[in-house]
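Here the structure is laid out as structure tokens; the discussion comes afterwards.
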């Protein structure tokens, strides 16, 4: 059985999904790829927008999400973040 | 200047150096923690950093108090009147214990992973009230702080520290049982040593070798924390 993902891992997974789509993706794709419920995905996206990891682009037809420099930085430094939180019991 | 512990004169200057080392290790942990917070924007990492800043500040104040005892010329240099020296020493000790306990409360709150500011402020207020209330009630804040009141303050703070450290240790070992990370275990052991040193410091009010032993235990604890930090950021 797979271990439950930590909050940091979920954020990484969402950002990776957004990045993999050339940094622009529809919410339905995030939902499908990130393996989260709709409610949870909304909650995480709201948090990521607030933290400026992701920007929401609204058009009359739909809305898409794009990764920011801060979001990319999070992905690049993920190993260090994860190592720190694991060692100091902050997961 | 009031002596708060039975401190062997030969060890006093050495203990100041150790307190500065403890402050530097705690500051290093908070520096890296806040640096990682800047990237991750995770609240618990920020709180963890703040808890170590509070602990570091408490050691800085402790070192300043002991420096005033070890180097009386500092008091003359600062032009502090004799009648104010004891009062300042008492207030300094109060600031030291409040900062240390606040650091441990912040750390305990971080480890429970509950997102509720109300619970945090409740814990913080309870901790500070239990330290400050007896002093205010006896009104000694308006008089040079009496040694007995300072002893009570020190014992209460040590007992509170032991309580919060047991809580923190439990969480670290629980975390270790889940992640099997040796660095988590090392930090858990470091907090066990801090718990022992806090228990030991209670006896140092009457038995001076306990003061030396307390510092040695704390030194090993901070060494473990530093090793764990270095292993983490080296990767």
Handout entry: Shielding score for B:34-40, defined as the mean number of other chain Cβ atoms within 10 Å
Key = 6
Exercise for the section: For peptide B:177-184, compute the average count of partner chain beta-carbon atoms within 10 Å of each residue's beta-carbon. Expected result: 4
Problem - Principal axes of the stretch A:34-73: Cα extent on each, largest first, Å - result: 26, 25, 16
Handout entry: Hull volume in cubic angstrom per residue (convex hull over the Cα atoms of the protein assembly as shown)
Key = 161
Fill in the blank from the handout: FRET efficiency (residue A:50, residue B:118; Cβ distance; R0 25 Å; to 0.05) is 0.75
Practice task
For the stretch B:148-235, just run the numbers: alpha carbon Rg, then divide by 2.2 N^0.38 Å, N being how many residues it has.
Solution key: 1.22
Fill in the blank from the handout: Ranked output for segments B:43-56, A:63-76 by mean other Cβ atoms within 10 Å, highest leading, reads B:43-56, A:63-76
Fill in the blank from the handout: Cα convex hull volume per residue for the stretch A:1-88, in Å³, equals 107
Practice task
Based on other C-beta atoms within 10 Å, arrange A:83, A:42, B:218 from fewest to most.
Solution key: A:42, A:83, B:218
Completion exercise
With label points set 7 Å from each Cα along the Cα-to-Cβ direction at residue A:20 and residue B:11, the distance between them in nm comes to 5.9
Exercise for the section: Give the Kirkwood hydrodynamic radius (Å, one decimal) of the stretch B:9-234, defined as one over the mean of 1/r across all pairs of different Cα atoms. Expected result: 18.4
Exercise for the section: Per residue of A:78-84, count partner chain C-beta atoms within 10 Å of its C-beta, then hand back the mean as an integer. Expected result: 6
Practice task
May I ask you to sort B:176, B:222, B:208 by Cβ crowding, counting other Cβ atoms within 10 Å and putting the fewest first?
Solution key: B:208, B:176, B:222
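Every read-out reported here was derived from the displayed coordinates using simple, explicitly stated rules and does not represent laboratory data. In this text the structure is predicted, and so the values were computed from the model without any measurement. FYI the Cβ positions are ideal-geometry reconstructions off the backbone, even for glycines, and counts take in every protein chain you see.
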